[in-house]
1. In segment 19-42, which residues are farther than 16 Å from LEU71 by Cα and either free of Cβ contacts under 8 Å to residues at least 60 places away in the same chain or surrounded by 15 or more Cβ atoms within 10 Å (Cβ to Cβ) (or both)?
2. For ALA120, work out the one condition from (1) modelled with pLDDT under 95; (2) closer than 16 Å to VAL75 by Cα it doesn't fulfil.
3. Among the residues in segment 104-117, are any in contact with a strand residue (DSSP E or B) (Cβ under 6 Å, 6 or more places away or on another chain), in a helix (DSSP H, G or I), modelled with pLDDT of 90 or more and not aromatic (Phe, Trp, Tyr)?
4. Inside segment 58-83, can you point out the residues that are in contact with a helix residue (DSSP H, G or I) (Cβ under 8 Å, 6 or more places away or on another chain), in a strand (DSSP E or B) and β-branched (Val, Ile, Thr)?
5. Look through segment 120-155, keep the residues that are in a helix (DSSP H, G or I) and of a type in the set (A, V, I, L, M), and return whichever of them is surrounded by the fewest Cβ atoms within 10 Å (Cβ to Cβ).
Amino acid sequence: MIASLALPVPLETPGGAVTLRRADVEDLDALMRLLADDAISASRGDQADESDTAAYRAGLVETLADASNDLVVAVGPDGVVIAMMQLTRIPGLSRRGATRLLVEAVRVSSARRSSGIGSALMRWTTDVAAPALGAALVQLTSDEARTDAHRFYERLGFVGSHRGFKYAVRERADAL
């Protein structure tokens, strides 16, 4: 976990108040459902299938144990997880030794999309988390097929400046 991030925090959205907090192992089922609730993730194998629970649990435990990572969830007033994102702090040499904050696995429940939750998460990331972590740059990748997401990120001020590449190394390459 990235210890310098002060969580939990309340976030106001047009759809109502949510609380942003660190994920924990008890959130595993909700996280699996959020991943499966996304058509592109589901097509890559994120089906929230019970037989995959051990693999997801291992990934979650490793992510939470890594001091450079945090997995953040947004919960509604009822305590239900409605959104998630992974943050990774990456120190580097380029850009005169700049630190980057990588944003991954941004998911908002399909029932809550277009309610301002995603915007609130990303604004907190750029306005609060990045400065707290000493990051000069917030970066993310987005699948080429996510044209709505591209427009969303551009509205928030992100610039499509690079082209990403992936190389599948493991047997479960379809998961990438």
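1. Initially, segment 19-42 is screened for residues farther than 16 Å from LEU71 by Cα, giving 36-42.
Residues satisfying the conditions are ALA36, ASP37, ASP38, ALA39, SER41, ALA42.
2. For ALA120, the exception is condition (1).
3. Yes - at least one qualifying residue is present in segment 104-117.
4. Passing the criteria: VAL72, VAL73, VAL81, ILE82.
5. ALA132
The values are calculated or read from the model by the stated rules, or taken from the named source; none is laboratory data. Owing to the predicted nature of the structure, the values given are computational and were not obtained by experimental measurement. Neighbour counts are summed over all protein chains in view; Cβ atoms, including those assigned to glycine, are modelled from backbone coordinates with ideal geometry.
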